[in-house]
Each structure stands twice: as C-alpha cells, then as structure tokens.
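Working notes, beginning with the structure itself.
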Amino acid sequence: MDWNEIRNEYITDESTSYRKLAKKYDVPLSTLTRHAREENWTEQRERVKSETMEKTIVKLSDEQAKRAAKFVSLADALAEKIGRAIECVGANDAQSIRQLTASLRDLQAMQGIKSDADMREQEARIAKLEKELGSDLPVDAKQTGVVLLPCVMEAIPPPKEEQDGA
C-alpha cells in the first residue's frame with residue numbers, strides 16, 4: 001500500500017474524502033482514517049490550500065502590476081503623440097484642437113487625473129455637504145467621519161404584488 005500516494009491525493013484534491021479514497025484504494029476506512037490522523041493529513045491539506053492561495057494572490061498581483069505599468073507606458077506614449085500633434089496643429093485649425101483637447105481629457109480620465117477645476121468643484125461639493133449635515137451630526141461622527149443614517153424602510157412602498165393582493 002502506497003500511503004504517500006493516498007496522502008498526496010487527499011492533500012491536493014479538495015473534492016476527495018477519506019471514504020472515496022478508501023473505496024478507490026480498497027482500504028478499510030478505519031485504517032485510512034488512522035493513518036490520516038497520525039500523519040495530520042487535514043492540517044497538511046489546509047496548509048497546501050493556504051500556500052496555494054498565497055501563491056495565486058502573488059501571481060495575480062504581479063500580473064496586475066504589469067498591466068498597470070504597461071498602461072502607464074502606453075499613456076505616456078499617447079501623451080507624447082498628442083504633444084507632437086499639438087505642435088503641428090495651426091492656431092486656426094479649431095477642429096483638430098478640439099480633437100486633441102478631447103484626447104487629453106480621455107487620457108486624464110483613463111489615468112484618474114482630475115483637473116484643478118474638477119478638484120475645486122469636488123471640494124466645494126464636499127464642503128457644502130459637510131455644512132448641510134454638520135449641524136445634525138453627533139460630536140463623535142464629526143470627529144471620526146462616521147455618519148449614522150436614519151432607517152428608511154418605512155418610506156419604501158411594498159412590492160406591487162403585495163399591494164394587489166391586499
């Protein structure tokens with residue numbers, strides 16, 4: 001009996017069980033369970049599962065970092081081309097200027113870059129909301145940024161089926 005083979009199958013195959021392995025290898029379930037207990041198969045399975053998950057996360061993270069770096073590189077190349085195009089466009093070519101301006105806006109949006117005007121507008125909206133809500137917030141919420149919202153379930157009408165059935 002190759003207990004290493006049985007153990008490795010149990011540890012690496014999440015879909016198998018002691019019962020399935022005992023049947024597959026024609027081993028009494030009690031004998032297999034005893035070996036598994038003595039050799040800590042369950043802990044080994046959990047460790048392999050955890051290590052596999054960690055490796056998967058690292059690999060996905062590396063791939064995502066590569067994609068982000070490639071995007072930045074492509075965005076830089078696009079910015080260079082837009083810059084060269086701007087130098088070539090005459091001051092009277094309004095359509096080309098509009099197209100280049102739209103391209104710059106698209107590039108900013110792709111990179112998550114906000115213009116100064118967008119930032120000021122966003123800050124103004126935040127300040128307005130804070131001013132509107134500030135007087136109603138408890139002291140703790142003002143210090144921590146936590147906002148307690150009232151329950152709105154009573155304000156939501158029941159589904160149409162419930163209204164019709166009543």
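The values are calculated or read from the model by the stated rules, or taken from the named source; none is laboratory data. Treat the numbers as computed from the prediction; the structure is a model and nothing was measured. Here Cβ is always computed from backbone atoms with ideal geometry, including for glycine, and neighbour counts include all displayed protein chains.
Out of Thr52, Thr42, Thr33, I need the residue that is in contact (Cβ under 8 Å) with a residue 12 or more places away in the chain and either out of contact with any strand residue (DSSP E or B) (no Cβ under 6 Å at 6 or more places or on another chain) or among the aromatic types (Phe, Trp, Tyr) (or both). Which one? I'd like the intermediate steps shown before the answer.
Values: Thr52 fails: in contact (Cβ under 8 Å) with a residue 12 or more places away in the chain; Thr42 fails: in contact (Cβ under 8 Å) with a residue 12 or more places away in the chain.
Of the residues listed, the single one that is in contact (Cβ under 8 Å) with a residue 12 or more places away in the chain and either out of contact with any strand residue (DSSP E or B) (no Cβ under 6 Å at 6 or more places or on another chain) or among the aromatic types (Phe, Trp, Tyr) (or both) is Thr33.
Could you tell me how many of the residues in the range 1-23 are surrounded by 12 or more Cβ atoms within 10 Å (Cβ to Cβ) and either in contact with a strand residue (DSSP E or B) (Cβ under 9 Å, 6 or more places away or on another chain) or not hydroxyl-bearing (Ser, Thr, Tyr) (or both)?
11
Kindly indicate whether Ala68 is at pLDDT below 90 and either surrounded by 10 or more Cβ atoms within 10 Å (Cβ to Cβ) or closer than 23 Å to Ala109 by Cα (or both).
Details: at pLDDT below 90: yes; either surrounded by 10 or more Cβ atoms within 10 Å (Cβ to Cβ) or closer than 23 Å to Ala109 by Cα (or both): yes.
Yes.
Quick check on Leu137: is it outside any helix (DSSP H, G or I), modelled with pLDDT under 80 and loosely packed, with under 11 Cβ neighbours inside 10 Å? Full working, then the answer.
On the way: outside any helix (DSSP H, G or I): yes; modelled with pLDDT under 80: yes; loosely packed, with under 11 Cβ neighbours inside 10 Å: no.
So Leu137 does not fit the description; no.
So in the range 24-65, with the set limited to residues that are of a type in the set (A, V, I, L, M, F, W, C) and farther than 30 Å from Gln111 by Cβ, which one is surrounded by the fewest Cβ atoms within 10 Å (Cβ to Cβ)?
Of everything passing the filter in the range 24-65, Met53 is surrounded by the fewest Cβ atoms within 10 Å (Cβ to Cβ).
For Thr56, state whether it is modelled with pLDDT of 80 or more, under 20 Å from Ile6 (Cα atoms) and within 21 Å of the chain's Cα centre (by Cα). Steps first, please.
Values: modelled with pLDDT of 80 or more: yes; under 20 Å from Ile6 (Cα atoms): no; within 21 Å of the chain's Cα centre (by Cα): yes.
Judged against the criteria, Thr56 is not a match.
Please verify whether Val146 is over 29 Å from the mean Cα position of the chain (by Cα), at pLDDT below 75, over 30 Å from Asn8 (Cα atoms) and β-branched (Val, Ile, Thr), treating the condition exactly as stated.
Numbers: over 29 Å from the mean Cα position of the chain (by Cα): no; at pLDDT below 75: yes; over 30 Å from Asn8 (Cα atoms): yes; β-branched (Val, Ile, Thr): yes.
No: the conditions fail for Val146.
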